[in-house]
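In what follows, a structure is listed as structure tokens, so that the remarks can point back to it.
Every number here is computed from the coordinates shown, using simple stated rules; none is lab data. As the structure is a prediction and not an experimental result, all values here were calculated from the model. Using ideal geometry, Cβ is built from the backbone for each residue, glycine included, and neighbour counts are taken over all protein chains shown.
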Amino acid sequence: MPTARPRDSFAREPGTFAQRPANAPLHATSVHLMEAIKVRDLAAVLPGAWRSRVLGDVDGVAVKALRMDGLPLEEEAHDCAEVLFVVDGRLELDIRGTHLTVGAGELCVVPAHTPHAVRPGSEGVLLIVEGSR
């Protein structure tokens, strides 16, 4: 089994919310308000796996996208609940010692303060909705 990487080694990268011409390409370094965001395309050009990009923040709730690379991540718990929506691929989780597979088009809600770890085999694009305050 691959060795899990520590969570704190993955930087969270905030998005920017500047205007751009309608025909300009969408880059991973800029996300814009009032337009459709192609989450798969954005995740494909992120600088590394498990480095989330904030797509938007609504009243203290962040919506983030990231690319999963098949490798595990160490167990963690958050002060607020997380919604994990698999856009493409699958997410393999251990939640309180129970194995859970979340497939494309499915989501999982991880309650606040609940220990969870990413298992090997998690690949694809993940959308995360969580408190940002």
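For segment 63-75, in order, what is each residue's ³J(HN,Hα) by Karplus, 6.51 cos²θ - 1.76 cosθ + 1.60 with θ = phi - 60°, in whole Hz (x at glycine and Pro)?
Taking θ as phi minus 60°, the curve returns 10, 10, 10, 8, 10, 9, 10, x, 8, x, 10, 4, 5 Hz for segment 63-75.
Amide H to amide H, which residues 5 or more places from THR114 or on other chains are under 5 Å from it, using H placed in the peptide plane?
Under 5 Å from the amide H of THR114: HIS78.
How far apart, in nm, are two points set 7 Å out from the Cα along the Cα-to-Cβ line at THR114 and at ALA81?
About 0.9 nm, to one decimal.
For THR101 and ALA44, what does the FRET efficiency come to when R0 = 25 Å and r is the distance between their Cβ atoms, rounded to the nearest 0.05?
The computed FRET efficiency comes out at 0.65.
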